[in-house]
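Undergrad: Quick one: this structure, given as structure tokens, is what I'll be asking you about.
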């Protein structure tokens, strides 16, 4: 099983337990994310937790010390200790992302990446967000990027779906149509 698949399984289990116990799902997500960021920012800690030569029992001890300094909800603490016991702490960043994805799905929120040639004013970005919400039937969280290469228009990506309204793509389509029309015209002239 890949690390991503394993992290998704842990995230699903954590989410299901938190939901069944009526815990604050958002808080659990923040705590997971905070721990992942903390570990990632501390190079020494990251090396210790990812090193397969260090026994799982010592890694569990490190997690126990961290938890004594910064108590977390019991379900997050148990998850971290379980990961340590199974020597799977390397999954922490992916687990935090997978949990966030489940949380967003639970709240019926999707993330959209929107690329435009120039920065969009707030009112235009809000209008685009509403249009994407209408198209998906969910609330949309927009992450905006600027790429002058698209010339104009916008490209929106939601998961694997791409809405491409860029001028560059429209020009490429017109070029293809003109080439096809030219070939069809040449073929028709050759038949005469």
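Since every read-out is calculated from the coordinates, none of them should be taken as a lab result. As the structure is a computational prediction, the values presented were derived from the model and not from experiment. Please note: Cβ atoms are built from the backbone with ideal geometry, for glycine as well, and neighbour counts cover all protein chains shown.
Undergrad: Report relative contact order for the range 3-105 in percent, whole number only (criteria: Cα-Cα under 8 Å, sequence separation at least 6).
TA: Once divided by the residue count of the range 3-105, the mean separation gives 51 percent.
Undergrad: I need 116, 168 ordered by Cβ neighbour count within 10 Å, fewest first.
TA: Listed from fewest to most nearby Cβ atoms, that is 168, 116.
Undergrad: Quote the FRET efficiency, to the nearest 0.05, computed for residue 86 versus residue 157 with a Förster distance R0 of 30 Å and r equal to the Cβ-Cβ distance.
TA: Taking R0 as 30 Å, the efficiency between residue 86 and residue 157 is 0.30.
Undergrad: Another question, if that's okay. Using only Cα atoms, tell me the angle between helix 74-85 and the longest principal axis of the chain; keep it within 0 to 90° and round to the nearest 10.
TA: It is inclined by approximately 90 degrees.
Undergrad: Tell me the label only: which of (i) 1.61; (ii) 1.50; (iii) 1.24 is Cα Rg over 2.2 N^0.38 Å as calculated from this structure?
TA: The listed entry that was calculated here is (ii).
Undergrad: Given points 7 Å out from each Cα along the Cα-Cβ axis, report the residue 40 to residue 170 separation in nanometres with one decimal.
TA: Computed distance between label sites residue 40 and residue 170 equals 3.7 nm.
Undergrad: Write down the percent of antiparallel bridges among all DSSP beta bridges whose residues are both part of the chain, to the nearest 5.
TA: Among the beta bridges of the chain, antiparallel pairing accounts for roughly 55 percent.
Undergrad: Let me ask something else. Most fluctuating residue of 182, 100, 143 in a GNM of the chain with Cα springs under 10 Å: which is it?
TA: Evaluated over the chain, the most mobile residue of the options is 182.
Undergrad: Need the C-alpha centroid separation for the range 5-42 versus the range 145-179, integer Å.
TA: Here the answer is 37 Å between Cα centres.
Undergrad: Against the longest alpha carbon principal axis of the chain, how many degrees, from 0 to 90 and to the nearest 10, is the axis of helix 122-136 turned?
TA: Tilt of helix 122-136: around 90 degrees.
Undergrad: Right, here's the next one. What ranking do 34, 16, 123 get, fewest neighbouring Cβ atoms within 10 angstrom at the top? All intermediate terms of the calculation are to be shown ahead of the outcome.
TA: Details: 34 14, 16 11, 123 8.
Going from least to most buried by this count: 123, 16, 34.
Undergrad: Same structure, new question: Evaluate 2.2 N^0.38 Å with N set to the residue count of the range 72-142, then give the Cα radius of gyration divided by it.
TA: Taking N as the residue count of the range 72-142, the ratio is 1.59.
Undergrad: When only Cα pairs under 8 Å and 6 or more residues apart are kept, what is the percent relative contact order across the chain?
TA: Details: 195 pairs, mean separation 38.4, N = 192.
Relative contact order of the chain: 20 percent.
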